[in-house]
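Data block below; observations after.
Here, each number is a calculation from the coordinates, and none is a lab measurement. No experiment lies behind these values; they were computed from the predicted model shown. In this analysis, Cβ positions are derived from the backbone assuming ideal geometry, glycine residues included, and neighbour counts consider all displayed protein chains.
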There are 2 protein chains.
Amino acid sequence: MTSQKKPPSNLPGEFEVIRKYFLPLAAAYPASLRLQDDAALLSLDQAARLVITADAVVAGVHFFADDRPDFIARKALRVNISDLAAKGAEPIGYFMTIALPSNISEAWINHFAKGLFQDQQEFGIGLLGGDTVSTPGPLTISITAIGQLPKSAIQMPQRQHAKPGDLLLMTGTLGDAALGLKLLQKTLTLESEDFYQFLTQRYWIPQPRLSLGIKLVQNNLVHAMMDISDGLLGDLQHICWASGVGAIVRSSLIPFSPATSLLCQQKPDLLETVLTGGDDYELLLSIPKETLPLIKEIAQQEQIFLNVIGEITAGKNIEVFDLLNKNYPIVVKGFQHF
Amino acid sequence: MTSQKKPPSNLPGEFEVIRKYFLPLAAAYPASLRLQDDAALLSLDQAARLVITADAVVAGVHFFADDRPDFIARKALRVNISDLAAKGAEPIGYFMTIALPSNISEAWINHFAKGLFQDQQEFGIGLLGGDTVSTPGPLTISITAIGQLPKSAIQMPQRQHAKPGDLLLMTGTLGDAALGLKLLQKTLTLESEDFYQFLTQRYWIPQPRLSLGIKLVQNNLVHAMMDISDGLLGDLQHICWASGVGAIVRSSLIPFSPATSLLCQQKPDLLETVLTGGDDYELLLSIPKETLPLIKEIAQQEQIFLNVIGEITAGKNIEVFDLLNKNYPIVVKGFQHF
């Protein structure tokens, strides 16, 4: 479509940018038609249950405009892959629209595309199509990812499938990304360079638990599953609302990284940030008790921490208990984008 | 995901906006899971060929920030539906990510959603999922639309399927939207209020030729087909490049609306705008000669103008001939977004 206003740009033409930097991300995937047509053509030769998710990120809101281009690319892709992981979906491909401000250089795009390529290899997903436009505003990336439910899965785990008596589990450690963001915003400081690197990396490059999620769903082991993007307690509340249940979280069971442990010891107030902060992209699971041994075994094979952190109740509220079984006074308020 | 910076907003919370204004666009489509999960679940009960397209639009680039909200919504959706039309795909659903600046009001969103609802009814497509985020920049809308190829279609028409000897056809009239944009930009004036309304409306609300496109593909009548979004000659060049062919366009055969005819008579220079300007979203077809009668018949049933405007050649270039068979001197330069 014709632009009303074409911002000045250092880039070669649109088609040249697509050919040089985005085609290599798509060429190995026949459905992309080498990005040469108006649409992708995805042929499914038998019945399929497609899992489709869309997420957008904006510079200055979801990432820093001067973050490394490959980090920006990988996080934009990973937040979508994380949603596929939470539904146990095997990746098929993704569509990306990107609105580029005029100060973006060819080197920047090259670096950005390299980040996408790296993660495409890691997660087995390819670029199938999209749109490249200019913007007078901040860099904005929107990705729609498509996966499919494993054939053996009886159903997709949904937020509304949690049941009273279920165990509540999470992968990995909590709060690292939220503290990493605080470090980048300089509202928190830390002496250890190693810990600084670890926490900021957890913010920049979340780790979708894709392989684990797929195996759990292949084996029909979970009731509800979602990724923790808007904070543990906020996201748990989504499950509780959708399922009409309550939950007990035992804060002493929540796994912390050494860096987060140290910071929370130094500044106990940070515990609230850890419990409610976003961007972890770990999986939150509500499972029937009897599947725990097999789930533990799979997590071990995958070399992923997976811990019971509480349980689903027949109540209406989320209660957080500390080590002494005292109610931890916390307002459960999930992140909202505005 | 956590925002680094939450712009001030007049809106109720994110989830409230989704529940009040976007859920009604999705509720009738089971695949959306009522927008309550991390992903949509699209069950296909047999083999399918999915046609998937993604387009983004940005305020100040692709539309005016103060355009009517329902017009903005409908155009954002229609440019995607137009791509489905060009591939003859039956619509299934769409995913929308929308980045809202802080000055957007609840009334604006209501009006915007009403526009989407209207077009969903017209084109039989539903909202299946998406993401609503805030932006410090201009309103940005990204839509990924999914359709499927009719069962009877042998293949999807692609840009690379044009053959020497094919007839070149287009639906509707050319150039109205480009002149409508000039009127809105006040680089062109027009006395007739009726013509002004007509041309600006053609710019604001393109008419995807969906039903026609589907019938042509159902009946395997076309070789190549695409929508004219970046200008007739630019888009024709895409077909010629992809197919390794040339083309002759006879400008005297190109259908003009009365408004565009009048303007081109008054200002012959505008002919170049008409031939190269974008946003028409009419269909451009390359067809084997023998299917012309049946195509004409279908277009008549659909009450859509469909005219032969030239032919595909074994050459390499696009030549434009005028009424006297003279070469019209024109630089073929399709629109690029930067």
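Among DSSP beta bridges lying fully in the protein assembly as shown, give the percent that are antiparallel, nearest 5.
75
Quick one: of B:Lys151/B:Lys289; B:Lys75/B:Lys182; A:Lys75/A:Lys267, which pairs are farther than 26 Å apart, Cα to Cα?
Values: B:Lys151/B:Lys289 24 Å; B:Lys75/B:Lys182 18 Å; A:Lys75/A:Lys267 29 Å.
Checking Cα-Cα distances, A:Lys75/A:Lys267 exceed 26 Å.
Expressed as cubic angstrom per residue, what is the convex hull volume of the alpha carbon set of the range B:170-261? Intermediate results must be reported in sequence, preceding the final value.
Numbers: hull volume 10.6 nm³, N = 92.
Per-residue hull volume (Cα only) is 116 Å³.
Jot down the radius of gyration and Dmax of the range B:26-76, Cα atoms only, both in angstrom.
15.7, 45
Let me know the Rg and Dmax you get for the range B:1-154 when you use only its Cα atoms, in Å.
In order Rg, Dmax, the Cα atoms of the range B:1-154 give 15.7, 53 Å.
Rounded to whole Å and sorted largest first, what semi-axes of the equivalent ellipsoid does the C-alpha gyration tensor of chain B yield via the square root of 5 times each eigenvalue?
Taking √(5λ) for each eigenvalue gives 36, 25, 16 Å, largest first.
Using label points projected 7 Å from each Cα along Cα→Cβ, tell me how many nm separate B:Glu297 and A:Gln197, to one decimal.
Each label point lies 7 Å from its Cα, and together they span 7.4 nm.
Please name which of A:Leu283, B:Thr189, B:Ser134 has its Cα lying farthest along the dipole of the protein assembly as shown towards the positive end, using unit charges on Cβ (Lys, Arg +1; Asp, Glu -1) and the Cα centre as origin.
A:Leu283
Could you tell me how far the Cα centroid of the range A:45-110 sits from the Cα centroid of the range B:103-164, in Å?
First find each Cα centre; the distance between them is then 19 Å.
Taking θ as phi - 60°, what are the ³J(HN,Hα) couplings along the range B:141-150 by the Karplus curve (6.51, -1.76, 1.60), each to the nearest whole Hz, with x for Gly and Pro?
Values per residue, Gly and Pro as x: 10, 10, 10, 10, 10, 10, x, 9, 5, x Hz.
Going by amide H atoms built from the backbone, whose H comes under 5 Å of the H on B:Phe63, apart from near neighbours?
HN-HN under 5 Å from B:Phe63: B:Val58.
Of A:Trp108, A:Gln218, A:Phe198, which is farthest on the positive side of the dipole of the range A:106-232, counting Cα position, with +1 on Lys and Arg Cβ, -1 on Asp and Glu Cβ, and the Cα centre as origin?
Ranked along the dipole, the leading option is A:Gln218.
What is the pair-distance distribution P(r) of the range A:84-143, computed from all Cα-Cα distances in 10 Å bins starting at 0, with each bin given as a whole percent?
Reading upward from the zero bin: 19, 48, 26, 7.
Throw me the Rg/Rh for the protein assembly as shown, computed over C-alpha atoms with Kirkwood Rh, two decimals.
Working: Rg = 26.3 Å, Rh = 26.1 Å.
We get a ratio of 1.01 for the protein assembly as shown.
Nearest-to-axis residue of chain A, judged by Cβ, for the A-to-B rotation, with distance in whole Å?
In residue-and-Å form, the answer is A:Gly137, 1.
So between B:Phe305 and B:Thr189, what do we pick up on full extension, going 0.36 nm a residue minus the alpha carbon distance?
Between B:Phe305 and B:Thr189, full extension yields 39.1 nm more.
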